[in-house]
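Written out below as structure tokens is the structure these notes cover.
The values are calculated or read from the model by the stated rules, or taken from the named source; none is laboratory data. Keep in mind it's a predicted model, so treat the numbers as computed, not measured. Neighbour counts are summed over all protein chains in view; Cβ atoms, including those assigned to glycine, are modelled from backbone coordinates with ideal geometry.
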Amino acid sequence: MRKFNSILYVTNGIFDETEGLKQALQLVVSNRLTLDILLVYPALPKTQEAYSDTYRRYLEEQLHAALEKTTETLNLDRGEGLCRIMQREVEIPPAIEVIRHVLRNGYDLVIKEAEPGVEGKGFGSMDMTLLRKCPSTLWLARPVLHKRGEIRIAVAVDPENRDPLEKVLSLRLLELSHSMLDSLSGSLSILSCWDYEYEQFLRYKAWANISEEEHARNAREAESDHQIRLNALIEESGIGSNHKVFRMRGRPDSLIPEFVGKELVDILVMGTVARTGILGFLIGNTAENILNKITCSLIALKPAGFVSPVKAYS
């Protein structure tokens, strides 16, 4: 897997952490790192301050129990400095404290157990805040459906890059997903969607007297251009040929979640879209629509030049 220099695992100590911790510990072992674990939780209301110590001890015990269970499952020795645990009781939203901690310490990967969104799909509010504002690569972990060696990885890329930074992001997505394939010995699917954007507009406007043959020719040209660009992008990434490419016609926010569900994808790797040079981060509508529909693990990469609207120090 692509080399990471510093990895942070984030927990609030409440949910079952087994899957997230398993993926995090496997990664730090393969990278020969120590896993930093940040236990972050909101302070109790003043009317319940008497329970603060009990509350804190409960969260600590939950975390230690999850660590013990996971290290035993992976046959790892916790006595070798595998983890370093930090705690933060916060008045501000926990996600903001996580982002400040990331900014102050320069983590290049944040791993967290995914919190389900509506009807078990998508992600909870803390996860969405991290996706929008955290500068690091973010891994939101869910249980995998397949055993090691058969894990299904998919990466979504768009070869229609509108500026150089988008192309750099697409190349990083391909490189990261391929390095995951090397580590997990599963399968990699490259997903890319195309369409003839002006077809519906031209077809139903009386003034645009275009024949069916011309519509078909324009659509073939759009498909061919997409294939040429995608092939060039994959070749430039240098990932070789150990993958399958799926080119689909239509809207990615419909087709990608449909593919992920139908093919039982375990991990989806995708980028999030930002406006370069603007302080802050906006997930593009297409990316957010995809996020709201998936039920697998997600690895999300930020574009180069992303600037978080959160400050390291308040």
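Just a few scattered comments:
- Inside the stretch 111-143, residues that are in contact with a Ser or Thr (Cβ under 7 Å, 6 or more places away or on another chain), more than 20 Å from Asp36 (Cβ to Cβ) and either in the same structural domain as Leu25 (by TED's automatic domain parsing) or part of a loop (DSSP other than H, G, I, E, B) (or both) make up a count of 2.
- Under the condition of being at pLDDT below 90 and more than 12 Å from Leu131 (Cα to Cα), the residues counted in the stretch 253-279 number 6.
- Some residue of the stretch 109-122 being under 24 Å from Pro45 (Cβ atoms), in contact (Cβ under 8 Å) with a residue 24 or more places away in the chain and hydrophobic (A, V, I, L, M, F, W, C): no
- Pairing residues of the stretch 12-36 that are surrounded by 20 or more Cβ atoms within 10 Å (Cβ to Cβ) with residues that are part of a helix (DSSP H, G or I) and among the small types (Gly, Ala, Ser), at Cβ distances under 8 Å and at least 6 apart in sequence or on separate chains, gives Glu17/Ala66; Leu21/Ala66; Leu35/Ala24.
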